[in-house]
Amino acid sequence: MKPDPISAPATSGNVRAVAQLVAAPLTRAAIFLVATINPGPEHRATVRSFFGDLAALLRAVDFRDLEAGLSCVMGIGSDAWDRLFGLPRPRELHPFREIRAGARQAVSTSGDLLFHIRAKRMDLCFELEAQIMARLGDAVSPADEVQGFRYFDDRDLLGFVDGTENPRGEAAVDAVLIGQEDPEFAGGSYVIVQKYLHDLAGWNAMSTETQERIIGRSKLSDIELDDAVKPSYAHNALTTIVVDGREVKIVRDNMPFGRASGKEFGTYFIGYARSPRTIEQMLENMFVGQPPRNYDRLLDFSVATTGNLFFVPSATFLENIADADPVPGLSDEPAVPAPKPALRREGSLDIGSLKGDLAS
């Protein structure tokens, strides 16, 4: 929850919001914790008051090693937003949209809160997670937890470098932070997470050349394959989103995880964007195909076992909401019906031009 080094957009009241550290540099270790809020007004009150404490918890643990780059990004799910805040709500917040296409499925799973904890050292990540869970107590229940690690030269367990095309600097901020398209929530972001399990034995049984055609890159050098030889079903071809002639970027911070003794080998996908439609289009291209049935062959070896969409409010919002009076009339039921966006098969995200919308 440290602020981004580059200023977040101004809010509608011309008060500059401080963003959570969604575009942080890559780290060697991470914990991905998804939790659900237990029913009851007392538990909702505990979670609301916790928002103002998270920054202090982070400072206390971070001070043990100031060079370890400890950070924590917290996201809030659609149903949880209704139960905690009601209206207004972020314009594009909705439950994760499940995708089914034959044997391929992007599942939607339970989750109200996301904690993305990063550092150069796992012990700091673990300590911060322990402090967070102690502070929340009985108010939440864990839904999923993954401890990720950086694998050799930033490769996944499939042997390919992951995250090569991440934007940097101003481009990263432009890719992930909401601007005046939703001024009440400027400085926020959206994040989608999925846990993928790999059939590593089946993957490793293929030739390197076949693997490279599926990924769209050279395995050793990480150089993108030439368009003349790269198949249309290559992973990097299907996950490149172009709107009005310009590629729309996201920021990924994927990490490998696993248990070799249990033959569990996986990748935890986490993607930040200023609009969830960008990542949703990527997933539709992967699972359904672009065009349909021209799907990502990586899914023949990788299965998504979780799927969540969260809104990442600004750090300013989190600190202010803890001091605000609870909204009367909220319950454990969603306050408004969650919108259900239709499948988009023409490749258009209806995003328009996002470049330059952020306040300087």
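Numbers for the structure displayed
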| item | result |
| --- | --- |
| Residues with amide H under 5 Å from that of V140, placed H, sequence gap 5 or more | N38 |
| Estimated dipole of the range 55-146 in Debye, rounded to 20 [Cβ of Lys and Arg +1, of Asp and Glu -1, Cα centre] | 340 debye |
| Percent accessible area from carbon and sulfur atoms, the chain, protein chains only, probe 1.4 Å | 53 percent |
| Global geometry of the range 224-271, whether rounded, prolate or oblate, following the gyration tensor of its Cα atoms and the 1.5 cut on a/c | oblate |
| Loop-exposed chymotrypsin sites (Phe, Trp or Tyr not before Pro) per DSSP, neighbour cap 12 Cβ within 10 angstrom, longest uninterrupted part of the chain | 153-360 |
| The range 35-94: trypsin sites (Lys or Arg not before Pro) falling in loop per DSSP and having at most 10 other Cβ within 10 Å | none |
| DSSP-assigned coil residues among trypsin sites (Lys or Arg not before Pro) in the range 182-285, each with at most 11 further Cβ atoms within 10 Å | K263 |
| Overall form of the range 133-230 per C-alpha gyration tensor (a/c, 1.5; a/b vs b/c) | oblate |
| Kyte-Doolittle at least -1.0, axis length at least 20 Å by Cα - qualifying DSSP helices, the chain | 122-136 |
| Sum of -39500 (n - 2.57) over DSSP H runs of 4+, divided by residues of the chain (222 nm, nearest 500) | -6500 deg cm²/dmol |
| For the chain: accessible area per residue (Å², 1.4 Å) | 43 Å² |
| Cα-derived Rg over Rh, computed across the range 58-193 with Rh taken as Kirkwood radius | 0.97 |
| GluC sites (Glu not before Pro) restricted to DSSP loop in the range 51-143 with at most 14 other C-beta within 10 Å | E67, E98 |
| Net +/- balance of residues flanking A130 in space, Cβ distance below 15 Å, scoring K and R +1, D and E -1 | -3 |
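The values are calculated or read from the model by the stated rules, or taken from the named source; none is laboratory data. If you're wondering where the values come from, they're calculated on a predicted model, not measured in any experiment. A quick note on method: Cβ atoms are made from the backbone with ideal geometry, for glycine too, and the neighbour counts reach across all protein chains shown. What goes into the accessible areas is simple: the full protein's heavy atoms, side chains included, and nothing from ligands, DNA or RNA. Shrake-Rupley method; radii C 1.70, N 1.55, O 1.52, S 1.80 Å.
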